[in-house]
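What follows is a single structure, written as C-alpha cells, with notes after it.
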Amino acid sequence: MKWTNKGHEFDHVYENLKKKKSFYLFGAGMYGQAMYEELTKLEVNILGYIDNDQTRQHKVFNGKQIYALDEIELKRDEAIIVCVTPFSRGPIMQQLQIAQYVYNENVFTMEIYMSLKYVYELDKMYISSISFLPSTRCNLNCEACLNFTPYIKHQMIRPLDQVKKDIDIFFSVVDYIMLFHISGGEPFLYPYLKELVTYIGENYRDKIHFLQTVTNGTIELKDDILEVLAKYQVGITIDDYRDAVPEKREAFDKALAQVEKYQLRHDVNKVDKWIDLAPTKTDHSDWNEWRLIKHFESCHEPWQELREGKLYSCNYASYAAVAGLVEENEEENFKLDTYTKNQMKELMEFRLGYNTKGYVEFCKKCAGFVDINPYIVEPAKQKEK
C-alpha cells in the first residue's frame, strides 16, 4: 500500500476498534491460544472461539466455548479477531465477507488488532513477525528456493557481533513481537547459532511470544544447540523433503528423533507443491504504478526481514538483493538505527504493508506469493551446482 497520510493511515480503523469491548477469536489453534494469552494479559474480554473444524465446535478451549460462525450474532460493541496465519486466512476472510461482516469494522486480523492496541492505547511498539537470516548458507540447492540459493555467488555468513547489533537495535524499538523467526539458508549451518539463540534468550526472550527456527531435515542437529533451543523454548519447523532428496531419509529420521528427545515444540512441514517466484522469467517492467501497487497489495506476502539495522518491506525482495537479482532500494526499508518515538505510527504502518511507493522494485521481476502465483512446482527439486 502506498502512503498517502503517513502516521495516520489507521486512525479510522482505530476509531472502529476502540468502540469494541468484547471479542470472539476465529481459530482455536496455535495462534488462537497465543492471542488468548496476550489478550488476557491486556485484560481484554474474550467471548469465545469460532472455528470451522466441526470436531472442535461445541467443545471448550481455554475455558471458552467454540462456536460455528453461524451460531454467533455480534452486538454493536463486539467484534471478531481472526487468529490464523496469513497463509490460511484467505478463505476465512472470504467466508466472513459473504456472511456480511466488514473488515476493519467488526472483523480485525490479529496483526492489526495487536498493532493498534499497542500503539494507539499503550504507546508501545508491537510487531507481528520478522524474518532474521544470520546466514544464507545451505547444503541444498532447490530450484525454486524462496531465498534464491541457486543465484547466490558468495554465501553470506554474518559475524556474531553484527547480528547481535541488529537484535539490539530491533528490541530498542520494539516492545513485543509475536513471532521472531531465525531463518536461512539452513540455520543449523550457521556457526554461531548457539551463541545467537543464547543472546536472544538471555536478553529479549520476555519480549517474544514465539521464538522459532527451521531446518531442512537433511543435516545433523547437534546436541549442544538443541539444549540451548530447549532452554529458551525455541520452536522448530522440520521441512520434510524426503521425496525430493531420498538419500537424506535417514538424516530426517535422526533429526526428528533428536527434536523429540529434547521435547522441543515442533511441527513437520510436508507439502505437495511449491510456488516459484520466477525472477528470471517474470517481466513486469512495463507495468504502470497502479498495476504494480495492485500486484504488491494482492501478493499478501506476510514477512519482512531485519538486516543491517533496517526492516525491509518485502523479505523476498531483500533476499533477491542479497542474491544479486535486484538493486537494493532505500525507499523500501525502514531505518531502525535512526528511529525516534514520534515515528511509531509510521513504523506500525510500514510493518502492516505501507511504504513510499506502494510496491517494491522486485515486483517487476516477481510472480508473487501464494495467492497470485501461477507457477506451481515440485517441492525442493534440486538444481545441479
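Give, in nm to one decimal, the length gained when the segment between LYS261 and LYS6 is fully stretched (0.36 nm per residue of separation minus the Cα-Cα distance). Don't jump to the answer; show the numbers that get you there.
On the way: separation 255, 0.36 × 255 = 91.80 nm, distance 4.94 nm.
Taking LYS261 through LYS6 to full extension adds about 86.9 nm, to one decimal.
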Report task. Apply 1/(1 + (r/R0)^6) to the Cβ-Cβ distance of THR340 and GLN162, taking R0 = 25 Å, and write down the FRET efficiency to the nearest 0.05. Result -> 0.60
Report task. Give me PHE132, PHE180 ranked fewest to most by other Cβ atoms within 10 Å of their Cβ, as a rough exposure proxy. Result -> PHE132, PHE180
Requested in this report: Report, by chain and number, residues whose modeled amide H sits under 5 Å from the one on CYS138, excluding near sequence neighbours (fewer than 5 apart, same chain).
Outcome: GLU186
Report summary line: When ARG89, ARG351, ARG265 are arranged by how many other beta-carbons sit within 10 Å of their Cβ, fewest first, they go ARG265, ARG89, ARG351
Report task. With label points built 7 Å along Cα→Cβ from the Cα atoms of ASP206 and GLU297, find their separation and express it in nm. Result -> 4.2
Report summary line: Given the candidates VAL197, TYR312, HIS181, the one whose Cα lies deepest towards the positive end of the charge dipole of the chain, counting +1 at each Lys or Arg C-beta and -1 at each Asp or Glu C-beta, is VAL197
Query raised in the report: Of MET93, MET35, MET348, how do they rank once you tally other Cβ atoms within 10 Å and put the fewest first?
Result: MET93, MET348, MET35
Query raised in the report: What shape does region 202-293 have by the C-alpha gyration tensor, where a ≥ b ≥ c are the square roots of the eigenvalues, rounded means a/c under 1.5, and otherwise prolate means a/b greater than b/c and oblate the rest?
Result: oblate
Report summary line: Note on region 1-156: alpha-carbon gyration tensor, axes a ≥ b ≥ c; rule is a/c under 1.5 for rounded, else prolate if a/b larger than b/c, else oblate; result prolate
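Using only the Cα atoms of the chain, build the gyration tensor, take square roots of its eigenvalues as a ≥ b ≥ c, and label the shape rounded, prolate or oblate: rounded if a/c is under 1.5, else prolate if a/b is larger than b/c, else oblate.
The shape class here is rounded.
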Query raised in the report: Looking at the chain, which Cys residues are left with no other cysteine's beta carbon under 4.7 Å from theirs?
Result: CYS83, CYS138, CYS299, CYS314, CYS363, CYS366
**Report entry** Entries of LYS165/LYS194; LYS222/LYS261; LYS75/LYS124; LYS231/LYS381; LYS310/LYS357; LYS222/LYS248 with Cα pairs more than 23 Å apart
**Finding:** LYS75/LYS124; LYS231/LYS381
Requested in this report: Answer with one residue from ASN62, TYR31, GLN95: the one whose Cα lies farthest towards the positive end of the charge dipole of region 1-128, charges on Cβ with Lys, Arg +1 and Asp, Glu -1.
Outcome: TYR31
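Every read-out reported here was derived from the displayed coordinates using simple, explicitly stated rules and does not represent laboratory data. Bear in mind that the values here come from a model prediction, so they are computed numbers and not experimental data. Positions of Cβ are backbone-derived with ideal geometry, glycine not excepted, and every protein chain shown enters the neighbour counts.
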